[in-house]
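First the structure, in the form of structure tokens, and then the observations on it.
Derivation of every value follows stated rules applied to the coordinates shown; laboratory data play no part. What you are looking at is a predicted structure, and each value in this text was computed from that prediction instead of being measured. Backbone-built Cβ (ideal geometry, glycine too); neighbour counts: all protein chains shown.
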Amino acid sequence: MKQFSFILFLLSVLTINLKAQTVENFKLTKNYAGTLDEILPEVGLDLNVRFIFDKDYLKKFKTVLMTDQEKTVGGMLKMFRASWDMITLVGNDGFIYIAKDKEQLDQLQNHKEVVKTEITQYRKKLVPVKRNFLLSGDLYDIENGERIPFATIVIEGTTKGATSDQNGHFVLEKVPADTAVVVVTYIGYHTKRIELEPQKENSPLKIELKQQSVGIAEVFVTGRKDDKALKQSTVTQEIKMSPVALKILPNIGEKDIMRGFQLMPGVSASNEGSAGMYVRGGTPDQNLILYDGFTVYNVDHLYGFYSAFNSNAIKDVQLHKGGFDSKFGGRLSSVTEITGKDGNSKKATVGAEISLLSMNTYLEVPFGDRITTLFAFRRSYQGYLYDKISTLNKPATNTSRPAFGGGSENKASYFYDLNGKVTFKATAKDVYTLSIFNGTDYLDNTPQFKMPAGGGGMAPPGGGASMGDISMSNTDFSRYGNVGASTNWDRKINEKLTSNLLASFSDFYSTRDERRSITINLDGVSTIRKSGILEDNNLIDLSVKDNWKYVFDDKNIFEFGGFGTYYSINYQYQQNDTLSIIDKETKAAIAGFYLQNKMMYLNNLLTITPGLRLNFFSATNKIYFEPRLNASYILAPKVTINGATGLYYQFANRVVREDIMSGNRDFWILSDGKEIPVSSSVHLNLGINYDLPDFLYSAEGYYKRNQNISEYSMRYSFAPQPGSAVQTTEQFFVGNGYTMGIELLAQKKAGKFNGWISYTLGQVKNRFPTQSDQYFFANQDVTNELKMVGIYKWGNFDFSASWIYATGRPYTAPVGAYSLTLIDGTTSSYYAVSDKNAYRLPAYHRMDVAASYRFNLFKQKGKQNSLSFSVFNLYNRINVSSKQFQVVDDVILQSDISYLGITPNITLSVKF
Amino acid sequence: MSNFILISHRQRINFKQNIFEFVLNRLILTLCFLFALYSCTKDDDKIAFNDIPVVESYLIKNNPVSLTISRKTPFEDNVTLSNDILDQLQIKISYNNQTRIIPSVGEGVYRDPSLLPQEGITYKLEFVFNNQLVTSSTDVPKKPIGFNQSVAVLEVQTFDFGGGFPTGPITMPEPVKLTWTNNDESYYMVVIENTEVSPVPIRDFGDNTPPGRFFRNEPTQGNQFEIQSMSFQYYGNHRLILYHMNPEYAELYKDNGNSSQNLTNPATNVKNGLGIFTGLNADTLMLNVIKK
């Protein structure tokens, strides 16, 4: 039936469009007053149109129609819909149907006569006082007073809507009547309907939303889960996530926002070794990560197994998969926008979590009515999970260390992150925030050597052993992370004009110290000799952004702003005390402005947002223009199509330095316009969504053409004997590439059982002319990726399971090996290798399951505590991350380096 | 695959209400299932083995030309090799408008005792293998000039902690500094070779395999090298050979990776082949390492 009616509906929408416009455009010739059942026949007579309605129903509503307000029949109908519970339809027959709901509309259409219906419930018979007025408001969480950003606000029965800004503020222009119903939807929260009341000061409106404490499952995904939200969705191809919802999904020790996104189409899930996201064939460094406005350059914890974001400190995350707004720039692929929690404004709260990996605690304290604070801290401990993952990722051999006697390893490794935020609501119009984030990993593999008791050997280095006047110590540690802070001033100048001024700082650091120091004490003079390597990369980003938004009217929103970033990047690779193999210091600035104008046409069915971003990059002394265009069209009430295109530039790149001996290292460098050119990308995205009350189907396609992308290679040749220097060569390969794909999503949004299936068909190919004329599959190329997530709610239990399948990534392998005798008498083996990335690793797949139980402690309201049990890689699939080759006796041996096998985990989460 | 069934069983279908959704969802699940079946049966593609020869030849001033031709070891079994026989190739080296056919001496080695390479001459290699013309060319670089050492005798204390900690201070001698003239940033490498018949170790190697008699520095474009005293493993006479080399040889010392994440083709100056065909020139000094 539904299928049938759907097709009919589509047909009718398409065919009546012309007629509808003519009838709806009829101008009202005079003013009318009275109940609707009295007014409508009069209007009908005057304008020669026929209304079909249920008299009993319409006589409950009373109004005054004025030619200077409603103007046309269409305007009148719009006001009816906005003010009361009713739907209207201009039929194929030219009649205008006005009904309580869809059911009654069907009856009216079938009988074309007045139908008696039992009315059980209806809104008060209100007469609008104000028409076409401006309504503004602020959204809050009812429990903790947290401001709610990026929520959708619509006027029921119309296509009029808005999105709240990062402070939870929204503005709706030209609300048809002050009897309208405002509907607010936000992921992870109950949808709220607010019936406006005439004669009451409705604006600004304070709206409090309630968190969905239990049925989180059904709202996990997408900004388009509600069909009303869908109508307003003009931002194309974006995923929104509620960190609250994450806890019921399977995890390995931590609920992780990045891992959550990886279950969605277009975001690759097969790379366990990177918390960064591969969005639509882009690499993690092509994804801009903004945390409360500042850029985060490192998101990896523990070899990329976890992300550096503590989901207890995060309020909202949005991933713009492509074709993003002019407000964002500096990256080729995508944008992840993270908004930290402000902290509870109603009472002090303390929460704690413990899993097999880490301890996590957070504290939210309000000071008076105006200041809220939040502090969250997480630290890993060296338990079973930490050791398991770190053993998996530890390099097999470490030959760069000078050869000394044996010893045991003492690992004192950990990661931590902390988030802090202070929010000061100075006035009703000004909000100041200070946000701080620090995520750091410290990996220590410093060996502890034991002195041989009178035994032979030169053995003694380690930890600080001393032999008479010689003392030696070895270090082997890595420390990397990101610290960032932003201060933000939001000012609401008036209801139409808002501004936001942000000053931020971000510092990415990565140090590896793998040195041996020998202190020789001779005749009272001590000399220190150091050997080994010291590698250091440091990026400092100082930024200022000033964003402005002006709402002209409901069909025209103008945004503009200026930005400036100063970069200072240092990279140093030092060997044996003084020998600097690489010592680079680059400084550059980027400055510019952007503007974009969101315009709505065709009765709000069509939204077009053209934009422009202009950058000046000091390293190349050039100006870069980035035109952007975003559009969406509501094809039918449940069907929206969207599209976006634009040009994107990237000035800072993360390069991965291959290091077989001690694991790959990555660092950031700036484009110089010569050796490392500024890379660019053109996006073309197209999508269609069909959104039913219970199901969502979506299909999206993308094509990106990338220019001047670079790949970095730095190789070391290790001398066979200690004491000789390591030679380094750096090389940048520059080329072009493209990435394209189709993403399909079918999601069941409601019910006890819900979940989704997503499928991505993609291709990423690059070509580096200096290597070959042929396009080759990029390292991150994944042809097929299928992800299924199922969530089942049963009492206080949530069960979830996810299955991921992905085509193996491409790799290069030897096709043969040979050896040469060198002039120093040594024999060296070489591999003759296949074309670049000619082979594919075996397909990646795994299943994760989780069960969590919610319970109460300390007579709290709601079920705020939980105990979760999850199993990662349930059927213990051995997924291969890469292959290692070795020549032994003229035979090439191949070994697989695998990802994590079956791993159970348990998490306890308590809130006070 | 159990979650396919999980989802489909749980779907509560109300035919009256929802045939469209039902059909669509079934279709999606079926497609997923077929996809999973398809992906489980897919095989990896095999890459063809390209049989190209490996050349190894160092043209050293006044040393008879010698050349070794070999095949690379295939990674996969069952590869097809060309019909060429390694000892029956027609190896040509041409220089100064002359062409020589280098005779085979067996086991892939070709030698011409009468061909003695000279400085400043370009030598071109040419032969046919697997129906392809394999070519390469090189020059013999100039003999190093101004090769000097800071000391001719080096006194090194024995490191032997067998009897416990040493008493008194240990003296570490200054490194041996080698210098030469390098005005054109060309490549040089020093190879240090112990020439004793039965060399005496400086330190106790314990259970470890004794180190070799050779050690070297990395190819450098500089004009000096310091040999740290700790680099010496044995007492006795050492030859310090300074090679002046071409860039193609220096490239051989680069690591071409051993993981699928970083493998690249090794450097070669042989077209349609692999390996090295390069000219070298050397100068030698002597150093005696004695017990303190």
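Here are the numbers:
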{"quantity": "The range B:53-139: C-alpha gyration tensor shape, a/c 1.5 cut-off, then a/b vs b/c", "calculated": "prolate"}
{"quantity": "Estimated FRET transfer efficiency (B:Lys177, A:Val734; beta-carbon r; R0 56 Å; 0.05)", "calculated": "0.85"}
{"quantity": "Peptide-level mean, for A:828-840, of C-beta atoms on other protein chains within 10 Å", "calculated": "6"}
{"quantity": "Computed E for A:Phe912/A:Gln382 - FRET, C-beta separation, R0 35 angstrom, nearest 0.05", "calculated": "0.80"}
{"quantity": "Average beta-carbon neighbours from other chains, 10 Å sphere, peptide B:207-219", "calculated": "5"}
{"quantity": "Ellipsoid equivalent to the range B:148-291 - semi-axes via the Cα gyration tensor, in Å", "calculated": "33, 21, 14"}
{"quantity": "Exposure proxy ranking, count of Cβ atoms within 10 Å, fewest first, for A:Lys160, A:Lys100, A:Lys587", "calculated": "A:Lys587, A:Lys100, A:Lys160"}
{"quantity": "Packing-based exposure ordering (other Cβ within 10 Å, fewest first) of B:Glu226, B:Glu155", "calculated": "B:Glu155, B:Glu226"}
{"quantity": "For residues of B:65-75, the mean tally of beta carbons on other chains within 10 Å", "calculated": "5"}
{"quantity": "Likely footprinting exposure, A:Lys30, A:Lys346, fewest C-beta neighbours within 10 Å first", "calculated": "A:Lys30, A:Lys346"}
